[in-house]
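This report concerns only the one structure given below.
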Amino acid sequence: QVQFVESGGGLVQPGGSLRLSCVASGSIFSIYEMGWYRQAPGKQREFVATITSAGSLKYVDSVKGRFTISRDNAKNTVYLQMNSLKPEDTAVYYCNKIPRTGSSWGQGTQVTVSS
């Protein structure tokens, strides 16, 4: 199974920035469409952003213009640059391949936006 390790979360004030990283196991990362997801307390996990193997991007409306997803295939890594953070962005952030067949969720990385 493909496994993922997320990092880069933390506590940040509203308006601040964080850059999340997700490293994938395996040798064929470059062909995967990759996605970032988040789960806030008491809520279901939701889609945040995706990037295809060709570099096409998609975002949920609530993060458009603030978040940027990117990837480095040489490092088996996908990133999420988060700017202008808001308290409602507080959640555990996860990455995964799309579709999720043959993969498992990592532990995620906690992002807390609070003054």
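No value in this document is a laboratory result; all are computed from the given coordinates. Being a predicted model, the structure only gives us computed values, none of them experimental. Using ideal geometry, Cβ is built from the backbone for each residue, glycine included, and neighbour counts are taken over all protein chains shown.
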| remark: Within the chain, pairs of Lys residues whose Cα atoms are less than 25 angstrom apart, provided they are eight or more positions apart or on distinct chains, add up to 10
| message | Tell me the Kirkwood radius of segment 59-115: reciprocal of the mean inverse pair distance over distinct alpha-carbon atoms, in Å. | response | 13.0 Å
| request: Averaging sequence separations of C-alpha pairs under 8 Å and six or more residues apart, then dividing by the length of the chain, give the relative contact order as a whole percent. | output: 39 percent
| Put a dot 7 Å past each Cα toward the Cβ at Arg100 and Glu88; how far apart are the dots in nm? | 2.4 nm
| message | I'd like to compare 61-69, 74-82: which one has the highest average count of other Cβ atoms within 10 Å, and what's the full order after that? | response | 74-82, 61-69
| said: Quick check: Cα centre of segment 4-65 to Cα centre of segment 68-86, how many Å? | reply: 7 Å
| request: Give the Kirkwood hydrodynamic radius (Å, one decimal) of the chain, defined as one over the mean of 1/r across all pairs of different Cα atoms. | output: 14.0 Å
